[in-house]
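A short write-up of the structure that comes next.
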Amino acid sequence: MQAFEFYSPTKILFGASTEAQAGQQITAYGGSRVVVVYGGASAVKSGLLERVLRSLDEAGLAYECVGGVQPNPKLSLAYEGVKRALSFGADFVLAIGGGSVIDTAKAIADGAATPEFDLWDDFWLKKHPLPGSLPVGVVLTIPAAGSESSDSAVLTNDETLEKRGLSSPFHRPRFAIMNPELTFTLPRYQVTCGIVDIMMHTMDRYFNPVTTNELTDEIAEGLLRNTIRNGRRVMEHPGDYQAMSELMWAGSLSHNGLTGLGNKPDFAPHQLGHELSAMFDVAHGASLSAIWDSWAKYCVHTNPARFAQFAENVWGLDPSGKEPVTLAMEGIEAVRQFFRSLQMPICLSQLDCGVQSESTLEDLAYRCTFRNTRTIGSFQVLNYDDILAIYRLANF
Ligand code: NZQ
Ligand code: ZN
């Protein structure tokens, strides 16, 4: 087994009505003046925001609300939140929402703890390590990004249209409240985007150059089987508490590091997808399903046996009498068919942006290499030419 570190300190409060505990959890973690961050409309409309604020009132906490976070969250709102947090004298940030809200809350916490630095130039562009942050708590409303227990936060600079992530141990939330009932107001499209993202957090770790950590592999394969099964179940029965519970827990475990211990995570499909979201503001999950098939077909020959293992252990495909590459291609097809059954895009024409010109594909590839300063991926290391080839493959 390869050596690894595992640090996942987020306290999980899982189950019905757990959002009523928000106030007492913040108090337990030392918060007294709280910035409450939420999205566009759903938390207000469902009454969730009001219920959580009541819990803060009951705990005697002072709070300042910062709403209006949009999907693919924008740097400008994070700056605004930092200003508000500083003038309010905040000592805790509470996110009520999904990945976009949580990542904005993490950024506000970073900026409020380090007013002498610039969020983007210093931290997101990695000129300076993040020296600290305010504590963050989460009330999760969508199983998807896994930010409720991850060490990362992803923002889009709305001036330059760069979408970048920042990983730091300070980004692990103190607690995450997960009530599967809160997901029942989700539009179907957001549920399917979430299912794709949960799978991709595990697959982007599973396809890597290290394949000797058997337990890591088996956790990943089990998580994927569970997500596929329960993903199908929630499509048939949208208000299924059991199935949503499984997805919600899988979403956190898929991105807290557990499914990649001892591996060298690849995450190339995420990087390819981020450029599509940055340029066209497409939903994160959709950007991933639109690119994965092309990434997989481009990279499968690097290690067909790994894809064959995936086909057999995740999709239950019969290996008998087949060459690894044949089984591998059947596994890729199984993913494609599953994404199609969710009505998720599997190429650019099925994204809102549509098919792109060659010069736009070149721009995407250029941006994905951070202007020719990096490669991406570990399963197969991809340079500008590889990245461009994958965008071309997906451009139909
Ligand atoms: O804004 P509101 O009205 O709340 O609507 C949101 C939003 O339109 C809606 N929604 C959320 N919960 C709802 C609900 N609607 C009805 N009922 C509910 N219970 O869903 C829409 C999408 O929300 P968003 O937060 O964007 O979804 P998601 O959790 O998929 O987050 C995506 C963002 O997270 C980033 C992505 O890049 C993207 O920006 N990621 C963050 C990661 C991390 N920090 O570790 C890792 C991921 O790979 C990902 O990159
Ligand atoms: Zn993701």
(request) Any chance you could give the angle, 0 to 90 degrees and rounded to 10, that helix 188-206 forms with the longest Cα principal axis of the chain? (result) 70
(message) In whole Hz and in residue order, list the ³J(HN,Hα) couplings for region 73-83 that follow from phi through the Karplus curve 6.51 cos²θ - 1.76 cosθ + 1.60, θ = phi - 60°; x for Gly and Pro.
(response) x, 9, 4, 4, 6, 5, 4, 4, x, 4, 4
(request) For region 129-219, just say rounded, prolate or oblate: build the C-alpha gyration tensor, square-root its eigenvalues into a ≥ b ≥ c, call rounded for a/c under 1.5, and beyond that prolate if a/b exceeds b/c, oblate if not. (result) rounded
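With the Cα gyration tensor of region 11-182 giving a ≥ b ≥ c as the square roots of its eigenvalues, does the rule (a/c under 1.5 for rounded; else a/b larger than b/c for prolate; else oblate) give rounded, prolate or oblate?
It is prolate, given that a/c is not under 1.5 and a/b is the larger ratio.
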(message) For a quick check: with amide H placed at 1.01 Å from N, whose amide H comes under 5 Å from Gly262's, ignoring anything fewer than 5 positions away on the same chain?
(response) Glu5
(message) On the Cα set of the chain, report Rg and Dmax in Å, please.
(response) 20.5, 68
(request) Report, by chain and number, residues whose modeled amide H sits under 5 Å from the one on Cys65, excluding near sequence neighbours (fewer than 5 apart, same chain). (result) Val36
(request) Would you work out if region 1-54 is rounded, prolate or oblate? Take a ≥ b ≥ c from the square roots of the eigenvalues of the alpha-carbon gyration tensor; rounded if a/c is under 1.5, else prolate when a/b is larger than b/c, oblate otherwise. (result) prolate
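Among the GluC sites (Glu not before Pro) in region 61-157, which ones are in a DSSP loop with at most 14 other Cβ atoms within 10 Å of the Cβ? Mind listing them? Walk me through the numbers on the way to the answer.
Working: sites: Glu64, Glu80, Glu116, Glu148; in loops: Glu116, Glu148.
Counting only loop positions with at most 14 other Cβ atoms within 10 Å, the GluC sites (Glu not before Pro) in region 61-157 are Glu116.
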(request) Treating cross-link reach as a plain straight distance, find the lysines whose alpha-carbon is under 26 Å from the alpha-carbon of Lys127, omitting any fewer than eight places away in the same chain. (result) Lys74, Lys83, Lys106, Lys163, Lys264
(message) Can you tell me the orientation of helix 268-280 relative to the chain, as the angle in degrees between its alpha-carbon axis and the longest Cα principal axis, to the nearest 10?
(response) 60
(request) Quick one, can you get me the convex hull of the C-alpha atoms of region 256-395 expressed as volume per residue in Å³? (result) 118
(request) Enter the angle in degrees (range 0 to 90, nearest 10) between the Cα long axis of helix 324-341 and the first principal axis of the Cα atoms of the chain, meaning the one along which they spread out most. (result) 50
(request) Would you mind finding the longest exposed-site-free stretch of the chain, with exposed trypsin sites (Lys or Arg not before Pro) meaning DSSP loop and at most 15 other Cβ atoms within 10 Å? (result) 128-370
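Here, each number is a calculation from the coordinates, and none is a lab measurement. Here the structure is a predicted model, which is why all the values come from computation and not from measurement. Methodologically, a virtual Cβ is constructed for each residue, glycine included, from the backbone with ideal geometry; neighbour enumeration extends over all protein chains shown.
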